[in-house]
Amino acid sequence: MAPETLRLCEWGRAALDGWSANDRAEVRRAVENWRLNNRMGMAPLSCDETGLRARQWVGVVEAAGRTIEIYPKLDAALLKTNAPDAAQVPTVMSNLLWMLDVSAERTIYEADVAALDALESFFDLFAWLLARRLLNELQSGLPHRYEVHQGDLSGVRGRINLTRQVTTLWDRRDRIACVWDEFTPDTPLLRLFKSACRFLQPRAKHPATVGLLADCLTMLDDVSEMPPFEALAQARDVRWDRATQRFRTSFDLARRLLQGSAPALGSGDEDTFVFLLDMNKVFENFVAAALEERFQTRIETQKRVGFLFPELLKHRIAQDADYFWHRDGALWIGDAKYKSLAGENALTFAALDIEDNEVRAGQVLSPDDVRQLTVYAELARLKNEGQARLALFYPFVGAGTFAARGAMAWNGCEFYLVPVRVGGFIGAPHLDDALPDF
């Protein structure tokens with residue numbers, strides 16, 4: 001029987017009518033183990049007697065025969081709701097897939113996504129992200145390496161294992177203990193990929209993703225089958241070189257997927273799966289891709305601009321800007337704020353003294369955000385970087401005014417509020433449409 005599915009949006013709540021105490025405990029255990037495995041300070045999802053409460057993490061939790069799906073609010077119709085209905089899911093998933101894909105590749109895709117006109121499953125999303133990229137790399141050639149093999153053969157191959165021959169096989173004239181090297185694609189890296197594709201294969205439903213997984217598995221036909229926990233254990237020995245480096249992005253996703261399913265790595269029993277995406281990080285990466293596309297220049301991310309107490313040897317409090325770039329001789333420093341998404345109204349300079357992360361970004365500009373960016377500018381000035389222009393980026397999904405606003409900050413820096421379109425596109429999404437002029 002298919003797991004019972006409960007849908008909600010990020011920062012949403014859901015009642016757990018009919019859930020037993022054991023059901024709640026299983027979900028808590030799965031989420032807590034996933035938190036520890038990913039070294040998070042706070043659980044991405046709470047589950048207690050009052051119900052479920054999501055944060056800004058989106059994805060899937062499977063435990064106790066139930067499935068919890070947490071969706072981002074990448075649709076204006078979801079801004080004031082706790083959960084998407086069936087008709088809203090494909091739009092949200094399409095927007096999320098687009099953000100994830102362009103963030104990872106720093107490129108614009110259009111034609112391939114036309115096949116995903118009705119994406120309704122997180123597993124299909126994961127399968128598309130992994131299999132499409134992996135298949136392209138596999139078609140360019142499977143990486144091989146020399147693997148050491150041992151066996152008792154009828155003839156000599158490689159070198160004779162004298163210790164085994166004179167002990168275990170001393171009375172066997174028909175067998176010779178051999179050790180040999182074989183140049184093979186059956187490596188820990190490709191075993192990990194095959195295990196991830198096998199895991200996704202029964203869960204993916206969309207024809208496009210099912211086909212991609214099948215094509216990947218065909219390419220990996222000469223690679224050994226392996227359960228997730230064994231593939232993950234062997235993947236610790238993956239050797240990165242010029243032949244394998246191109247698989248790094250696919251490797252990171254495959255490893256995270258299998259970590260969410262492997263009981264040996266803290267995700268519960270074999271019927272448990274947890275895979276969640278931090279929308280803060282997704283949005284940061286998406287903005288970086290949009291800026292690089294718009295300005296055709298390299299955007300430095302998480303740039304260390306200085307310290308609040310530079311004279312201290314410890315506890316100097318590093319200050320890292322989300323974005324740092326130069327254009328036309330001017331220095332730009334930017335910061336991304338994925339709070340609640342702006343709908344009909346764009347962010348304005350009418351700051352209110354409200355300290356609440358759940359206040360819609362379209363209603364309030366936080367003074368803390370202004371102070372943070374202007375401190376970055378002053379630290380850059382101390383390094384003789386010159387006068388900086390500042391930009392605060394926030395997500396926008398509505399059909400209202402889509403325009404940047406500018407004002408002069410207290411330290412003489414031009415300060416821009418820049419909406420970033422993550423939903424509400426007319427036609428196929430394109431990175432050129434993600435940012436307004438500023």
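In table form, for the structure just shown:
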item	result
Residues located in the range 33-87, provided they are among the hydroxyl-bearing types (Ser, Thr, Tyr) and open to solvent by less than 30 Å² (accessible area, probe 1.4 Å)	67, 71
Residue list for the range 133-161, filter: more than 17 Å from residue 172 (Cα to Cα) and either among the polar types (S, T, N, Q) or in contact with a helix residue (DSSP H, G or I) (Cβ under 6 Å, 6 or more places away or on another chain) (or both)	133, 134, 135, 136, 137, 138, 139, 140
Residue 290 vs. criteria of a type in the set (Gly, Ala, Ser) and either surrounded by fewer than 21 Cβ atoms within 10 Å (Cβ to Cβ) or in a loop (DSSP other than H, G, I, E, B) (or both)	no
Answer residue from the range 88-99, given it is polar (S, T, N, Q) and assigned to a helix (DSSP H, G or I) and is least open to solvent (accessible area, probe 1.4 Å) among those	95
Of residues in the range 1-59 being of a type in the set (Ser, Thr, Tyr) and assigned to a loop (DSSP other than H, G, I, E, B), the one modelled with the highest pLDDT	20
Scope the range 218-249; condition in a helix (DSSP H, G or I), of a type in the set (Ser, Thr, Tyr) and at pLDDT 90 or above; matching residues	218
Of all residues making up the range 169-183, the number that are assigned to a loop (DSSP other than H, G, I, E, B), open to solvent by less than 80 Å² (accessible area, probe 1.4 Å) and not charged (D, E, K, R)	1
Pairs, first more than 14 Å from residue 25 (Cβ to Cβ) in the range 42-55, second loosely packed, with under 15 Cβ neighbours inside 10 Å and of a type in the set (D, E, K, R), C-beta under 7 Å, six or more apart	51/13; 53/13
Where a residue in the range 6-25 is at positive phi and its partner, wherever it lies, is open to solvent by 50 Å² or more (accessible area, probe 1.4 Å) and not hydrophobic (A, V, I, L, M, F, W, C), with Cβ under 8 Å and at least six apart	11/55; 11/358
Strands (runs of 3 or more DSSP E) contained in the range 371-438 and holding at least 2 residues touching a Phe, Trp or Tyr at 6+ places or on another chain (Cβ under 9 Å) and without any contact (Cβ under 8 Å) to a residue 40 or more places away in the chain	405-408, 414-421
Search result, residues across the range 127-168 that are among the aliphatic types (A, V, I, L, M), open to solvent by 40 Å² or more (accessible area, probe 1.4 Å) and under 45 Å from the mean Cα position of the chain (by Cα)	142, 148
Filtered residues of the range 363-400 (kept if under 17 Å from residue 438 (Cβ atoms), open to solvent by less than 10 Å² (accessible area, probe 1.4 Å) and either modelled with pLDDT under 80 or among the charged types (D, E, K, R) (or both))	365
Of the criteria (1) modelled with pLDDT under 85; (2) assigned to a helix (DSSP H, G or I); (3) over 24 Å from residue 338 (Cβ atoms); (4) open to solvent by less than 50 Å² (accessible area, probe 1.4 Å), which one residue 103 fails	(3)
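The values are calculated or read from the model by the stated rules, or taken from the named source; none is laboratory data. Everything numeric in this text was worked out from a predicted model, so none of it was measured. In this analysis, Cβ positions are derived from the backbone assuming ideal geometry, glycine residues included, and neighbour counts consider all displayed protein chains. The area values use the complete protein model at the heavy-atom level, side chains included, leaving out ligands, DNA and RNA. Shrake-Rupley method; radii C 1.70, N 1.55, O 1.52, S 1.80 Å.
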